[in-house]
Amino acid sequence: HSQRIRCSTKPRALHHRATPHDRTRVRAPLGTLATLPDRGSSLAAELREKKMFASSSLTQQTAVAGSSASGLRGSKAIRARAAARRPVRVSAVATEQIGKIRFDEVANIDHKEGDTHTVGSVDMKRVDYPDGTRVVKITTQGLGDNLELHWGCVFDGADGWAPPPQGASATGGINDFGDGVASRTKIGGDGVTFTFPPGVGENVERMVGIVVKGELWLHSVIGDLVIPLKTPSGTGVLKSLADGEKAQSGSLYERFRRVNDKLSEAVQAGPDGAAAVMATLRLSAMRQLPWYAGGNYQGKDMAHMQEMVASRVAEASKSAESGMARQLFRIALSTLPRGGGNGDD
């Protein structure tokens, strides 16, 4: 594909402007013949190719495209390089599920028995995962070693304890206490973890328990440890508080005790749960509910219960997620006495 070109000895006109075709021609000496390839010098193309392939991988990719334009598409080396740069399909890597904390509360323990005075706390947390798994983590601080959790489950519509559902597990094991109701689980140095797989215990409303150390039953200052396994509803909280207002359970002390038992669930239920607590305490403060029906209590017990409920409602008025719930807890707090003291003042 070469061409014979006879160079003209006739000078060009001074006003002639070179065309793109003129710029690509190689001028030979006047009166001689020049043999030219159609697409420039092969030596220049070879040097350019070597330079590009000696550069980085990014430049190598450019070289493939440039070489293809120069008629080198069929080169085995270039095809090998192109195949090496083809995208490789990577299998999807399984990722760890991220759970959401649904319950997180600390219960203080201040237990005196004989010459023994135990002070510490129990941290209770529940995490729900997207696949339906529910995990309860319980850790202790300041309570020492050789601890066990004496615990049970409360199912929907029931008030009493019951054994855990089939399929539930615990890192410290689940041992029958012997009464057919409660279970015992060892609490290790890192606490204990309970797992309810998907579909297991869907009708369990809450876990309840008491920390035991040998012969000592370390009751918390708020009573039994309670970990809800369902997100409570305001309707459920209100029903529990209303069911307690019976002819033989209408004392002020029992009312405060019920509010104390349901306060964690009321916080989880949001504004509806806060409204149930506020309505109960406000009706009680207005004497629309009886104070002394169905039971007696000691002054020191009432002072302790009032102090505990007031402090927990005050905390809820600061920490509740919903602004409306915080406002309702503040209204409820205005109906409560401070409590504390020796109960005789």
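The values are calculated or read from the model by the stated rules, or taken from the named source; none is laboratory data. For clarity, every value in this text was computed on a predicted model and none was experimentally measured. For neighbour counting, all protein chains shown are included, and Cβ atoms are generated from backbone atoms with ideal geometry for every residue, glycine included. Side chains are part of the model used for accessible areas, which takes the heavy atoms of the whole protein and leaves out ligands, DNA and RNA. Shrake-Rupley method; radii C 1.70, N 1.55, O 1.52, S 1.80 Å.
Annotations for the structure displayed:
- Note on the stretch 192-304: with charges restricted to the Cβ of Lys and Arg (+1) and Asp and Glu (-1), its dipole about the Cα centre is near 300 debye.
- Contact order, relative form, for the stretch 122-245: 28 percent (alpha carbon pairs under 8 Å, 6 or more residues apart, mean separation divided by residue count).
- Residue order by solvent-accessible surface for Tyr253, Tyr129 is Tyr129, Tyr253, largest first, with ligands and nucleic acids left out and a 1.4 Å probe.
- Of the trypsin sites (Lys or Arg not before Pro) found in the stretch 280-340, the ones in coil according to DSSP and having at most 14 other Cβ atoms within 10 Å of their Cβ are Arg287, Arg338.
- Environment charge of Ile222, counting only residues whose C-beta is closer than 12 Å and scoring Lys/Arg +1, Asp/Glu -1: -3
- Electrostatic bookkeeping for Arg282 treats Lys and Arg as +1 and Asp and Glu as -1; over the other residues with beta carbon under 14 Å from its beta carbon, the sum is +2.
- Fraction of accessible area attributable to carbon and sulfur, the stretch 128-269 (%, probe 1.4 Å): 49
- Anisotropy class of the stretch 208-281 from Cα gyration tensor, a/c 1.5 cut: oblate
- Remark: C-alpha extents of the stretch 184-237 on the principal axes read 37, 26, 16 Å, sorted largest to smallest.
- Listed residues Met278, Met302 arranged by accessible area, highest first, probe 1.4 Å: Met278, Met302
- Ratio Rg/Rh [Cα only; Rh per Kirkwood] for the stretch 234-345: 0.96
- Take the Cβ atoms of Arg102 and Asp190, set R0 to 22 Å, and the FRET efficiency comes out at 0.55.
- Heavy-atom accessible area per residue - the stretch 179-239, 1.4 Å, Å²: 42
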